[in-house]
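Worksheet for the structure shown next.
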Amino acid sequence: MSKVRFLLIGGFLGAGKTTLIARLARWHCDQGRHVGIVTNDQAADLVDTQMLRAAGFQVGEVAGSCFCCDFDGLADAVARLETDRRPDVILAEPVGSCTDIVATVVQPLRHLYLDRFDVAPYAVILKPSHGRKILKRQSRAGFSPNAEYIFRKQLEEADLVILNRIDELTAGEVDELAGLIAEAYPGVPVLRVSALTGEGFPALCEALDQQGDFGRRILDLDYDVYAEGEAELGWLNSNLRISAASTVSLDELSLRIVQQLQQELATEHAEPAHLKTIAIADGQHAVANLVSSDTPACLSLASRCHSREAHVIINARVAIDPQRLQQHVQTAVQEVCRSLEASPEFLRTQSFRPGRPNPTHRYVSGVRT
């Protein structure tokens, strides 16, 4: 039996991992391959899972812990995907605040599942909005030095770096970012890609299809700094129902919640790593997101649907106390609903700081295959 090709796509919160994984999944499906996707989050109610399933993909989820700290959960999620039909390709998306993926996920996959998985080069997406500031060591990059430490370490362990969102940048800005990456991580290939438009995508597929002794950039990592960096982010997943006297636009609802929350957070100078909202009704989905304080909120998936009732999920990762984050989310939702003559019902909300990483496995040297 042939091995399942296993692709892990890393990168910081808001880098564009889900959009890229969806494009990769469609490409593999077009090649006649069966694809399984595994998403990952520190809590339940993940927008990415809902969005990928709505696109028709077979998706498993590891919720409540990262892949590195619940490696068995990752293996179980893959096994569940294989229940109906064995995938030819697995695409997996680690939590965006995690690093040390090579030592705790890639190497265990290569060692413990040598006969089952063919592990691709580990690709990490650079997020331009925060990447330029962090790589240029600007004093106001939006996050603390500990959180920036995670961002840098993610790039350090990559077999290749994906410079994403080039459709949003000028040619000069793309060249500048590519130069900053090359200076900080010499010898690491840099691929210029737009996950949204597909620009640069064929070269990326070719790079990810390579065979070789990849996944060997094992980090020298200070877990105290890593843990402190993760804990500085407030984490919120909220699941709610919104009802209105007359029909409202799902697109407007989703986008306005993110825009209002951006305004709320600006009052405390709280830097968003990622805000994402999905509104669901009548089988239609509208997704809006925000990836930094100095970029506009955008509608990343339009539904063109109107409904009197919507199921809404909000995911927020922000440099702020999680209880304050929850208050801002509730205020933003209530303000938007008031303007739309609608009523929110919060069904479930989790707000917290991520706990200290405690990997299931950690390989200090690479496995050769």
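None of the figures in this text is laboratory data; all of them are computed from the coordinates on show. All of these numbers come straight from a predicted model, not from anything done at the bench. Note that each Cβ is placed from the backbone with ideal geometry, even for glycine, and that neighbours are counted across all protein chains shown.
Annotations
- Using alpha-carbon coordinates, inclination of helix 145-156 to the longest axis of the chain, degrees: 50
- Pairwise centroid distance, computed over Cα atoms, of the range 102-155 with the range 305-331, Å: 27
- With both residues required to sit in the chain, DSSP beta bridges show an antiparallel share near 60%.
- Applying the criteria of a DSSP loop state and at most 10 other Cβ atoms within 10 Å to the trypsin sites (Lys or Arg not before Pro) of the range 323-369 yields 368.
- The range 30-80 - percent relative contact order, Cα under 8 Å, separation 6 or more: 40
- Adding -39500 (n - 2.57) for every DSSP H run of four residues or longer, then dividing by how many residues the chain holds, sets the calculated 222 nm ellipticity at -10500 deg cm²/dmol.
- Tilt relative to the chain, helix 17-30 - C-alpha long axis, 0 to 90 degrees, to 10: 70
- The alpha-carbon of residue 127 sits under 21 angstrom from the alpha-carbons of these lysines, leaving out residues fewer than 8 places away in its chain: 17, 136, 153, 276.
- Summarising the amide proton neighbourhood of residue 64: residues at separation of 5 or more, or on other chains, whose placed amide H is nearer than 5 Å comprise 41, 42, 43, 44.
- Gain upon complete extension [residue 330, residue 243; 0.36 nm per residue less C-alpha separation]: 29.8 nm
- Shape of the range 235-352, Cα gyration tensor, a/c cut at 1.5: prolate
- Each of 140, 33, 216 has some number of other Cβ atoms within 10 Å of its Cβ, and from fewest to most they run 140, 33, 216.
- Computed Rg/Rh of the range 82-203, alpha carbon atoms with Kirkwood Rh: 1.01
- Relative contact order, percent, the chain [alpha-carbon distance under 8 Å, six or more residues apart]: 21
- Cβ-derived FRET efficiency at R0 51 Å, residue 33 paired with residue 358, nearest 0.05: 0.90
- Note on residue 311 and residue 175: their simple-model spin labels are 5.0 nm apart, each label 7 Å out from Cα toward Cβ.
- Every Cα-Cα pair of the chain was included, and the share exceeding 37 Å stands at 16 percent.
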